[in-house]
Amino acid sequence: MTQLITPQAHLRSEDINVWFGERHVLSDVNLTFPENQVTALIGPSGCGKSTFIRTLNRMHELIPGAGLSGAVLLDGQDIYGDGVNPVDVRIKIGMVFQKPNPFPTMSIKENILSGLKLSGRKVTNADELVETSLRRASIWNEVKDRLNEPAISLSGGQQQRLCIARSLAMEPQVLLMDEPCSALDPGSTRRIEETIEEISESMTIVIVTHNMQQAQRVSQQTAFFLAEDGNPGTVVEFGATEDVFNRPIDPRTNDYVNGHFG
Amino acid sequence: MAQVIAAKTRPTSAPWKRRNSRNILLVTLASVLPAAVAAAVTVLLGLDGAIGLLVLFVPLQLIASVGIGGYLFKKRGRQDAALIVFTVFFTVLVAVLLSSVLVAVFEAGLRMMRWSFISQNATYISPTTSLDYGGLGHAVLGSILVVGFTTLVTVPLGIGVAIYLTESRASGRNFIRSLIQSMSGLPSVVSGLFIYSAMIVTHWSGQSGITGSLALMPLMLPTVARVCEEALRLVPTDLRSAALGLGAPNYRMFLQVVLPAAKSGIVTAVLLGVARIIGETAPLLLTVNPSAGTNLNIFAGQIETLPTYLFGNLSLSTDYSVQRAWGAALIVLFLVLIIFTLTRAIGGNKQLKTPKKRK
Ligand SMILES: Nc1ncnc2c1ncn2[C@@H]1O[C@H](COP(=O)(O)OP(=O)(O)OP(=O)(O)O)[C@@H](O)[C@H]1O
Ligand SMILES: [Mg+2]
């Protein structure tokens, strides 16, 4: 297993183990996410990718019966450390979910500003923030005339980009994306990939994807997760995307990225 | 070259219904014949209406519908026909029962409707005083005060219980939930008796509006709490995750995301709670001392409410007082209607406004 430890590690997971009730679902995950790089998490369904990504901004602990050991370091500081408020962690480490989840009672504009309001911050020059966030998520042109309409009047793909814009408005240091394109058409997927490339200039990105081409297009490094018959999921291979896809060390990685699994 | 496509007339609007004149005739016959036959036999033999309905009409209709349905659509038709006959029959039955109550109240109550009946109170009014004098204004005010105070106390309590049940992970939730559930089965007279024996017999307090309110609270609380809990539970986890993922503390997540999403459900909870208690009579008979005069102080003194006014007049059982009781029944209905409309208008489903025109 290749290990990639760069000095400017922005986010790091150390020996992450996860349980749901008595069930051990993730074992010893050590990953390093360097600053302003995109890391793709790939692996078959049910191997624990979503579970892992949720441990990175303390969303995991919201599930009843969830258990965890290990540490997640953001700029060298454990986000699970004593006296760390999960609310502050989630402001710094944003998240885009697999299913678009705009707030149905709010308009498009209010959705963008909701993050600031929900985390209790003052909104100064709201219009500007709304515009730049929507532009960065490349949805501005589609919605600029209907900012006050309900967010649920948008199509699924537009809603997902709205959710990305909502996260971007918070200016997080790290953005976690759990299969953000799984419900989108090729056009929207392409636009989101462009967005990812653009925003990775100012933030660290972790993205879960089932799309091998997408992983190769957007990411600099890739981690392959696998849970083999009843065993907890773990990282089988981790390295530069180039290497993982073209020169995998583990034969199981080779099988998976070439579609020979199961 | 643009091709012109000739407009076609639709032969049948729904091919799956296999509409043609013969089938339509059969279906019409199946719907009309049983009723006609049952009516004719009932009248000719001088049978009781209920027997005609249940013993003749329902089986006949069932046989006719199932026969025709089966003939036209085979097995699926038979099953559909049976289901339709039963649902329509029971729907109509319930509708008739309910509307006959309404018709009775309106018929008898409307005769009492005059301005004096609503605006005056009942001082110097005896059971034989002309209906043109005296009214239930004091009872309307009393009811509004007593029910209003009950609502004021119970709604926050009920919402609080619902929040505890849905938002917290405390281990006592199941116990509280079953407690609330058994509370909703509490006979209202027991609630009245409890306040009566705990407060009035022990001379803690005389009968007043407040003791009435206290007796109504245990009746309203379970309704509000359970409907609210249901409304909060219906808010998708996705929305909660979205809010928490954006760095919202729990209380902001609840206030800014969950509560607005559950708003119309919570309004419904309040309305159902008010509807539950506004006509409650038994607990008030024990805890409130009805008066003929107007009393706006619910903390002391005799006070009249609509249910006690109705009950009082009914038990006097003179022609006039029974008339007044019917009038009171109609007023209760109206009051509920007004409260429902108002609350819906103020706090109902607020839809975001869509701009009328975009250029
Ligand atoms: N809330 C939960 N309670 C109990 N077990 C859970 C829960 N969520 C996930 N699991 C279990 O944890 C394991 C990993 O699930 P996870 O959702 O992380 O998979 P995944 O890799 O994201 O799969 P997919 O690609 O299908 O999204 C699965 O075996 C799943 O059954
Ligand atoms: Mg997943």
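Coordinate-derived values only; no laboratory data. Small disclaimer: the values here were computed from a predicted structure and weren't measured. We place every Cβ from the backbone using ideal geometry, glycine too, and count neighbours over all the protein chains shown.
Annotations for the structure displayed:
- Burial ordering of B:191, A:219, fewest other beta-carbon atoms within 10 Å first: B:191, A:219
- Solution diffusion estimate, µm²/s, Stokes-Einstein, segment A:191-256, Kirkwood Rh from C-alpha pairs, 25 °C, viscosity 0.890 mPa s: 190
- Distance between modelled label sites at residue B:51 and residue B:88, nm, 7 Å Cα→Cβ extension: 2.6
- Within segment A:49-125, the proportion of C-alpha pairs whose separation exceeds 16 Å stands at 59%.
- The shape of segment A:68-174 can be summarised by an equivalent ellipsoid whose semi-axes, obtained from the alpha carbon gyration tensor, come to 28, 14, 12 Å from longest to shortest.
- Using the Cβ-Cβ distance between residue B:95 and residue A:229 with R0 set to 56 Å, the FRET efficiency from 1/(1 + (r/R0)^6) comes to roughly 0.40.
- Percent breakdown of C-alpha pair distances by 5 Å bin, ordered from the shortest bin, for segment B:35-88: 5, 23, 24, 17, 14, 11, 6, 1
- Prolate/oblate/rounded call for chain B, Cα gyration tensor, a/c under 1.5 rounded: oblate
- Out-of-range pairs (alpha-carbon distance over 23 Å; input A:109/B:263; B:8/B:74; A:92/B:263; A:122/B:263; A:49/A:117; A:117/B:263): B:8/B:74; A:92/B:263; A:122/B:263; A:49/A:117
- Projected area averaged over orientations for segment A:222-262, convex hull of C-alpha atoms, nm²: 2.7
- Entry note, chain B: relative contact order of 19 percent, from Cα contacts under 8 Å with a spacing of 6+ residues.
- As a proxy for reagent exposure, ranking B:164, B:196 by other Cβ atoms within 10 Å from fewest up yields B:164, B:196.
- Take the convex hull of the alpha carbons in the protein assembly as shown; its mean projected area over all directions comes to 45.1 nm².
- Hydrodynamic radius of chain A per Kirkwood, over alpha carbon pairs, in Å: 18.9
- Cα-based equivalent ellipsoid, segment B:20-110: semi-axes from gyration tensor eigenvalues, Å: 29, 17, 12
- Here the spin labels are modelled as points 7 Å beyond Cα on the Cα-Cβ line, and at residue A:14 and residue B:275 they lie 6.0 nm apart.
- Convex hull volume of the C-alpha atoms in segment A:1-117, normalised per residue: 145 Å³.
- Sorted by Cβ neighbour density within 10 Å, fewest at the top, the residues A:241, A:222, B:129: B:129, A:241, A:222
- The helix-only estimate of mean residue ellipticity at 222 nm for chain A, built from DSSP H runs of length n ≥ 4 each weighted as -39500 (n - 2.57), is -9000 deg cm²/dmol after division by the residue total.
- Cα gyration tensor shape for segment B:137-347, rounded if a/c is under 1.5, else prolate or oblate: prolate
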